[in-house]
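Below is one structure, written out as structure tokens, with a few remarks after it.
The values are calculated or read from the model by the stated rules, or taken from the named source; none is laboratory data. Model, not experiment: these values are computed from the prediction. Counting neighbours? That spans all protein chains shown, and the Cβs are built from the backbone with ideal geometry, glycine included. All accessible areas refer to the heavy atoms of the entire protein, side chains included, with ligands and DNA or RNA removed. Shrake-Rupley method; radii C 1.70, N 1.55, O 1.52, S 1.80 Å.
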Amino acid sequence: MTEFLTDTMESDLPSVTRMLLRADGSMTRLLEALVGRPLALDLTDQRITIGGDLDPAVRAALHCDDADPVVVRRSTLTMSDGAAVSWNCVAVVATDDELTALLTDERLPIGHSLAAARRHLARTVLGAGVTRWPVAGSQENLACAYKESVLFDHGSTVVAHLHERFNPAYVPLLETAR
């Protein structure tokens, strides 16, 4: 089950979830502000492939050719106790070595590596919706919010596609009683 949000559905979400889904800045920093502590990268898979191996929608969003080198990275952002806050799948067009190194650092979340290098990439949100939380544990397979976006370099070239899912324990789909 994956569905895009309509304006009516989005207005039913808690305000914190709406803000995260519409944000066009660093999700790492926003999630850290939300949970009140630093997040670390738990890299589960990172491999080099080519544009032709990508889902057609991702390839189209990246504007890459079938033969273009692409790094696909799957990770979770976790708190110090190991609790996963977000699950991420990122596809990076590997044509700029310096930028690719920042976006595929095996030790740091993308937001941290860009901040350390004093780099800012523009983000455009392509869509958001509801899908299933993929990380094992008590929240596994529960409905969760997700968003898809692309990052642009200083020349307005798309350099990465991001699919981010948010743990419903931190980014709720329903308002909680106060």
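For VAL125, work out the one condition from (1) in contact (Cβ under 8 Å) with a residue 60 or more places away in the chain; (2) within 23 Å of ARG22 (Cα to Cα); (3) surrounded by fewer than 16 Cβ atoms within 10 Å (Cβ to Cβ); (4) over 12 Å from the mean Cα position of the chain (by Cα) it doesn't fulfil.
Of (1) in contact (Cβ under 8 Å) with a residue 60 or more places away in the chain; (2) within 23 Å of ARG22 (Cα to Cα); (3) surrounded by fewer than 16 Cβ atoms within 10 Å (Cβ to Cβ); (4) over 12 Å from the mean Cα position of the chain (by Cα), only one is false for VAL125: (4).
Just for region 36-59: of the residues that are part of a helix (DSSP H, G or I) and crowded, with 16+ Cβ neighbours inside 10 Å, which one is nearest to the chain's Cα centre (by Cα)?
VAL58
Of all residues being part of a helix (DSSP H, G or I) and open to solvent by less than 30 Å² (accessible area, probe 1.4 Å) in region 11-34, which is nearest to LYS147 (Cα to Cα)? Just the residue, please.
Per the criteria, the residue is LEU21.
In region 60-85, which residues are part of a strand (DSSP E or B), farther than 18 Å from HIS112 by Cβ and either in contact with a Cys (Cβ under 6 Å, 6 or more places away or on another chain) or open to solvent by less than 20 Å² (accessible area, probe 1.4 Å) (or both)?
VAL70, VAL72
Are any of the residues in region 90-107 open to solvent by 30 Å² or more (accessible area, probe 1.4 Å), within 14 Å of the chain's Cα centre (by Cα) and in contact (Cβ under 8 Å) with a residue 40 or more places away in the chain?
no
Quickly run through region 151-178 and pick out the residues that are in contact with a helix residue (DSSP H, G or I) (Cβ under 8 Å, 6 or more places away or on another chain) and open to solvent by 50 Å² or more (accessible area, probe 1.4 Å).
TYR170 - this is the single residue of region 151-178 that is in contact with a helix residue (DSSP H, G or I) (Cβ under 8 Å, 6 or more places away or on another chain) and open to solvent by 50 Å² or more (accessible area, probe 1.4 Å).
If you go through region 141-150 one residue at a time, do you hit one that is surrounded by 13 or more Cβ atoms within 10 Å (Cβ to Cβ) and farther than 19 Å from VAL16 by Cα?
Scanning region 141-150 turns up at least one residue that is surrounded by 13 or more Cβ atoms within 10 Å (Cβ to Cβ) and farther than 19 Å from VAL16 by Cα.
Tell me which strands (runs of 3 or more DSSP E) are completely within region 109-178 and hold 1 or more residues being polar (S, T, N, Q), or say none if there are none.
122-132, 143-152
Can you pull out every residue in region 128-138 that is closer than 12 Å to TRP87 by Cα and crowded, with 18+ Cβ neighbours inside 10 Å?
TRP133, VAL135 - these are the residues of region 128-138 that are closer than 12 Å to TRP87 by Cα and crowded, with 18+ Cβ neighbours inside 10 Å.
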